[in-house]
């Protein structure tokens with residue numbers, strides 16, 4: 001065999017081996033073809049997930065407000081029930097006292113007649129008769145007032161009990177909606193994961209095809225695969241400016257729980273945090289008591305103009321308000337975004353900014 005024939009035969013063997021490798025890889029992996037998702041498909045799925053997370057954040061806020069309203073109503077119900085028991089006890093005491101007076105009046109009828117007959121004049125007789133009548137009338141009035149008070153307290157208790165049932169039903173509705181939304185969030189996250197895997201698979205197949213063409217066209221044996229460019233990491237946010245106010249304690253507390261998972265209705269490092277649970281817990285370290293609700297926090301605090309923001313101020317988002325973060329300066333905040341995330345430092349959502357308040 002001549003040298004030229006050997007060279008031609010060697011190239012044919014190398015090409016056959018390259019084609020065999022690619023074919024084996026294509027057979028081993030599931031085909032994607034034209035059904036492969038694009039980056040735009042994944043971006044659209046992520047946008048839908050963001051919308052679902054925003055709806056879930058709104059439901060979290062509604063749950064916190066419903067829970068606060070239920071607690072207030074249950075507290076008033078307890079007071080009304082206590083008032084009813086007190087009024088009923090007073091009515092029973094008045095009833096017993098009236099019975100005792102009537103018995104005494106019956107047994108001492110002679111003395112009352114003697115009291116009347118002992119009057120010296122008709123006017124004196126009339127005064128003594130009126131006095132005896134006033135005693136009996138006063139006893140009946142006390143009994144009547146006690147019974148009326150008891151009825152009013154019972155009616156108030158019944159009305160509040162109805163309100164408690166209604167608020168509990170509203171709470172159950174919110175919980176049911178949130179559970180359904182959580183399933184949607186989980187499904188959307190699974191869809192994004194699947195699309196990303198399919199896109200990676202399609203990119204791998206394209207790389208294999210490119211390798212096949214390169215092997216077929218190569219004048220010499222051996223191919224090299226280009227290294228994938230390393231993704232650049234985002235720089236850490238700048239540190240907040242020095243804070244010498246009482247807000248330093250709240251910011252330090254919030255920083256101490258960075259990385260703690262977001263948990264629906266959570267308000268402690270052990271249980272996790274939602275957005276208003278984090279701001280409530282952090283400001284408690286500065287001696288400030290806040291309600292567990294973003295909207296209620298905004299309503300209960302002095303408002304601050306955006307141009308006057310200071311570290312430690314609370315920043316609120318969306319309409320109606322259902323998210324809150326702790327401003328730390330430099331356009332940054334600490335917040336608990338939504339399910340599947342953790343307490344983190346992030347840029348303030350200026351596009352959704354609804355207002356600020358200072359504890």
(request) Please list 328-340, 83-95, 287-299 highest first by mean number of surrounding beta-carbon atoms within 10 Å per residue. (result) 328-340, 287-299, 83-95
(message) Taking a ≥ b ≥ c as the square roots of the Cα gyration tensor eigenvalues, with a/c under 1.5 meaning rounded and otherwise prolate when a/b beats b/c, else oblate, which class fits the range 247-357?
(response) rounded
(request) Based on other C-beta atoms within 10 Å, arrange 313, 60, 43, 274 from fewest to most. (result) 43, 313, 60, 274
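Each reported figure results from applying straightforward, stated rules to the coordinates on display, with no laboratory input. Quick caveat, the model's predicted, so the values are computed rather than measured. As a convention, Cβ positions derive from the backbone with ideal geometry for all residues, glycine included, and neighbour counts pool all protein chains shown.
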